[in-house]
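First up is the structure itself, then whatever we jot down about it.
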Amino acid sequence: MDGILPLWKPKGFTSHDCVSKARGMLRTKKIGHTGTLDPDVEGVLPLCVGKATKIVPFLTDTVKVYEAVVTMGFSTETEDASGAEVEKKAVEQNSLLVSDIKQVLEGFKGTISQIPPMYSAVKVNGRKLYEYAREGKSVERPERKIFIHNIELLSSEVHYFAGTASFSIRVTCSKGTYIRTLCTNVGKALGYPAHMSSLVRTRTAEISQEECKTLEEVQSAADDGRAEDLLLPLSRGLPHFPRWEVDTGTKQQIQNGGVLTKLAEMPDEPFLIVCDKEALAIYQPHPTKPEKVKPIRVF
């Protein structure tokens, strides 16, 4: 059984929980997920099954789309709704204009810097940040660059409640983006402590919410012997790679990991080799032989 299972991760489960459940349902150990979602977050979590586990790092590195709720009025130690309150500043009723929020969001497009939250799995000196945080320790966190392809306001109005103000945003971003940190920074730009009160991942690469299956649907399909019908082909997880089509005569050479002569029409960057819609391998220009291309990963 080889392919991508487009799973809809429910709230209350870790990404590892979902992998464990899928292993039992599909009766295979070779499954990997493609980007951790916190337990309180639901959304698109593609699981790579069988040979598809070879594309996990490539699918993890793709663009993601999220819908989040920014709540201003107080910040939390975790930057989301699960953490203890840190700073508070009441938001007056009708004090925020939709036009002002849109203008602030525009400033977050493109390459920006982020400092990962203390409650995160980023490692510093060999330990995860949340391990320091749970011990009450604070360490210097590495600033890193991320890319926001698009950020837009979904709410037509701001919702006020008990000194807070909330609105929804949609973010299309690169790997490594912390949406809760982004929400906190949006709030700061508007003049208030803030946190992310809700988050849903609606897309990973070209895999969307609409084609995802719940754990219950996966179990039902497995019980009926239809689980393999739920899997997407490997190529669906590699939309960001240029493609080069080969005939069946070359297929065996590719599957054996052969070094090929570079043709003029081959891309000058890593590319996906396909035969009759089947993803065979990812190749790249040879580092020492400019007239050749060599495999990065053979499926």
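The values are calculated or read from the model by the stated rules, or taken from the named source; none is laboratory data. No experiment lies behind these values; they were computed from the predicted model shown. No Cβ is skipped: glycine too gets one built from the backbone with ideal geometry, and neighbour counts run over all protein chains shown.
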*Report the residue count in segment 249-299 for those that are among the aliphatic types (A, V, I, L, M) and in contact (Cβ under 8 Å) with a residue 40 or more places away in the chain.*
4
*Filter segment 75-125 down to residues that are assigned to a loop (DSSP other than H, G, I, E, B), under 19 Å from the mean Cα position of the chain (by Cα) and surrounded by fewer than 12 Cβ atoms within 10 Å (Cβ to Cβ), then give me how many there are.*
1
*Could you run through segment 233-264 and say how many residues are closer than 20 Å to E211 by Cβ, of a type outside the set (S, T, Y) and crowded, with 18+ Cβ neighbours inside 10 Å?*
4
_Checking the condition outside the structural domain of E278 (by TED's automatic domain parsing) and touching a Gly at 6+ places or on another chain (Cβ under 8 Å), which residue from I179, I146, I151, I169 passes?_
I146
*Within segment 152-174, which residues are outside any strand (DSSP E or B), of a type outside the set (S, T, N, Q) and loosely packed, with under 14 Cβ neighbours inside 10 Å?*
L154, E157, A162
*Which numbered condition trips up K128, out of (1) closer than 23 Å to Y192 by Cβ; (2) surrounded by fewer than 16 Cβ atoms within 10 Å (Cβ to Cβ); (3) among the charged types (D, E, K, R)?*
(1)
*For segment 60-74, how many residues meet the condition of being closer than 27 Å to E210 by Cβ and either among the small types (G, A, S) or surrounded by 20 or more Cβ atoms within 10 Å (Cβ to Cβ) (or both)?*
7
*Condition test on T204, is it under 19 Å from the mean Cα position of the chain (by Cα), of a type in the set (V, I, T) and at pLDDT below 95?*
yes
*Checking D224 against (1) closer than 30 Å to Q284 by Cα; (2) without any contact (Cβ under 8 Å) to a residue 60 or more places away in the chain, the condition it does not meet*: (1)
*asked:* It is to be established whether one or more residues within segment 41-48 are more than 12 Å from the chain's Cα centre (by Cα), surrounded by fewer than 18 Cβ atoms within 10 Å (Cβ to Cβ) and either at positive phi or not assigned by TED's automatic domain parsing to the domain that holds Y178 (or both).
replied: no
*For segment 9-44, what are the residues that are touching a Lys or Arg at 6+ places or on another chain (Cβ under 9 Å) and among the small types (G, A, S)?*
S15, G35, G43
*What is the residue count in segment 11-32 for residues that are surrounded by 17 or more Cβ atoms within 10 Å (Cβ to Cβ) and either over 19 Å from E228 (Cβ atoms) or of a type in the set (S, T, N, Q) (or both)?*
2
*asked:* Every residue in segment 38-59 that is closer than 17 Å to S208 by Cβ and either assigned to a helix (DSSP H, G or I) or in contact with a Phe, Trp or Tyr (Cβ under 6 Å, 6 or more places away or on another chain) (or both), please.
replied: L59
